1. Count the DSSP beta bridges whose two residues both fall in the chain, then state the antiparallel fraction as a percent rounded to the nearest 5.
2. Mind ranking Thr511, Thr559 by accessible surface for me, highest first, 1.4 Å probe?
3. So for the chain, averaging the separation of alpha carbon pairs under 8 Å that are six or more residues apart and normalising by length, what relative contact order in percent results?
4. I'd like to compare 626-635, 474-483, 435-444: which one has the highest average count of other Cβ atoms within 10 Å, and what's the full order after that?
5. What is the distance in Å between the Cα centres of the stretch 109-161 and the stretch 230-244?
6. Taking R0 as 30 Å, what FRET efficiency do you get between Asp403 and Ala606 from their Cβ-Cβ distance, rounded to the nearest 0.05?
7. Among 224-232, 519-527, how do they line up by average Cβ neighbours within 10 Å per residue, starting with the highest?
8. At what distance in nm do the modelled label points of Leu679 and Ala569 sit from each other, each positioned 7 Å from its Cα along Cα→Cβ?
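The values are calculated or read from the model by the stated rules, or taken from the named source; none is laboratory data. The structure presented is a predicted model; accordingly, all values stated were derived computationally and were not measured. FYI the Cβ positions are ideal-geometry reconstructions off the backbone, even for glycines, and counts take in every protein chain you see. Heavy atoms of the whole protein, side chains included, go into the accessibility calculation; ligands, DNA and RNA do not. Shrake-Rupley method; radii C 1.70, N 1.55, O 1.52, S 1.80 Å.
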Amino acid sequence: MSLNKNAKSQDEEDERSFNKKDFRLLWTMLLFFLVSACVYLTDGQKAETETVQMVVHKSNNLTASLTLAPKETPTSEQNTASSSSSSSGGGDFDKGCSDMCTKREASRKEKFGGDLLDFQDIVRLAEGGHEKVISTLRQDYGEYFDRMFINVNGTTKDGGTAYFGMRPADLGGPSRGRMKRKMKIKVLKMMASVRATEINLHGCDCVGKTGSVNSEVDKSLLNDIPDFFEKYVFANGGHSNAAGHGNMYSEAYTAVFGRDVRPLWEAIGIEMIDRNYAMGAMSSNPFMSTCVKEVFGTDVDFLSWNYGMTDGKTYSAAHYIYRGAMLPSRPAFVFVDWMPGAGLGRSFVEVGLSMFRSRLDGNPVANLPEMTPDGIPISDQEAQKIPKMARNLKCNRRLEGKDLCFGNKWSCNEKIQADGVDCICPHIGKRSSWHMGYKAHALQGHMLALPFIQMLLEALRELAATRTTTDDSEQLLADLQEQEDADFKLFMESPLLDVLSTAYETLGEKTDPLYETWFRGPSICRTSYLPSQSRFLGLMTDSGKTGNVAIYTHEIYDTGDFEASGRDANGSFVYLDDATPPAGKFSLVANKEERAGFKDIKSHEAECPAIVMPDYKDVFYAPVLDGKASFTFPNKKEKEYYGYDPKLFKGVIALMLPLFEIKCKKCTHSYDLTLADFLEHNVTMTVNSKPVKSIRVVRGKAMILQGDNENPYWEPALQTEDYTIEFQVVPDAAQYNMRLTHFILM
């Protein structure tokens, strides 16, 4: 028999001992190779693209389990994953792994309604989110939606809808392309994260198709698919109007932008985070500019500047953009309601940034229904025909014009409740003429969001048009990141803009290292202000508490060491529970007077169970009745979180006084120690035991400490690599409050 010939026994004794068990084994192997040949002929695949895995399990009766699996050419990411899982599960891909991976993939597709690793599916899912957004807006604005927001004379390159609203600071320039590149990178990182969740599951690599189950499979793991694989962060910086004062926090344009964009990002596994960290009366320079990453976060993708009403200087905006561009997330920027200085946005585009602007003007405003044509209000019957979000918004050719529109700015007040409308928060403070109402905020949010959505859809369609598979997504991500790096290199190597030189002469010449350090050097800032990421993350305290913006008394982050309920006749804080901050050190003090509803929290919560104006100017306060105080900076948490490397820092130390002093009407001196006290040596200091000889003042609030010969560079402590600043106050000044808001290291 030919089969015996193929066996090629070495001698006749072996041939005579041939038994039925061996015959069955060889017959099974022959069938296996016949099946392999059939698969090759049927599928038209090359033989070398087939991998054969044969597992032979021996027991009383010999059996064989044969599995065919298509061979894949792994990406470098998959190779890494494969080597990782091979160490635990080997190079095979057993049936247990195959079943588990198949079920997890099915669960992921079911959860998102498509495949997050398929470009065509990603476009479809995002377009579905877009349709939901437009459907909601059509309900809000009715017949006015199209004429307000859709640019009928313009379409996108891929034939999509063009929207009015936010536009590039450089019309026709590279800003839109750079923004879309950032969006593509976000999507590709999401895909990489999806793969990363599938490479080591009980010894199975579902990406590289290798491994064997190394433990009993937890069935819950099959459906344990993350809600998100990446995040996109929009952060808003600005003054009280930008913060939404007079409205609920959820009614401000930042929240509206988040609600509009969220259905698209989250449809494709990317969490949409909106951070409204604007603060009442706040200036961007130097308070926010020097602490951009500590206030807004290291992960911001899109950052707004809306300080025109309080700090509209071009150099202030430039400082803010320079510091924002240093974030590791490399954000794009938008000027909201104010375009500081002719050409500033274009100047930053020329050095590699992506810049936009958005104002409440143009087509959306022009096409709102006029409620008082020729100064005469339309009838109530006619007004009720207008959709709610377009009604009573434009009067006398102005947004929220006097009388009719101004009286209808807020979503809830006593008059609205008297009319039988069920609403909350009728008595929110700060309802002034210069604060927008909820409809104007909604309009601003939509004008930011719709062009953003347009760019996002373009970016996704471009990915789908140029990539039929995700096999090279890792290389594409690397290529796009290389372009990002080239733009950042251009930004870092370009000369600082001339607009800075007239406002920052105290920093020296543009060639002075201190000048460069102030705008583009590594930095760590500790700020007392809220909202800020560094405080929400608990980086400056040992309590371990973390959290986010919350209703007053419901915060879970560390709200401070002490709570001040007011001030006494001498301007000193009065503390809850008669607590007293310890002398000689700086404590974080929360001023409860700034918290909404502080005086009667129970009745406030009953009528307003919502977040309202959660921006607070807390302070670092040190009693100096004995004349001394000190602090050490940065601490362990700050060092770890921000990746502190003292070799990269120049050792520049700056302190910042509060935005507002506590003034005494009948006194010649403020209740606070002032800048004059520091300059006149009523307050003396040391840095790591070396005396501070002089102070260099930047923009009236920031104090750069200098040693001998006006040297602003200090050496860190030898062992701990930090800085201890000690204060000594002369007896005549010890009665005043030592209040600071920022400690800065560069």
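1. Counting DSSP beta bridges with both partners in the chain, the antiparallel share is about 65 percent.
2. Heavy-atom accessible area, descending, gives Thr511, Thr559.
3. It rounds to 13 percent for the chain.
4. The most tightly packed comes first, giving 435-444, 626-635, 474-483.
5. Measuring centre to centre over Cα atoms gives 24 Å.
6. FRET efficiency, Asp403 to Ala606: 0.40.
7. Details: 224-232: 16.7, 519-527: 21.0.
Those peptides, ordered most packed to least, come out 519-527, 224-232.
8. Simple spin-label model gives 3.3 nm for this pair.
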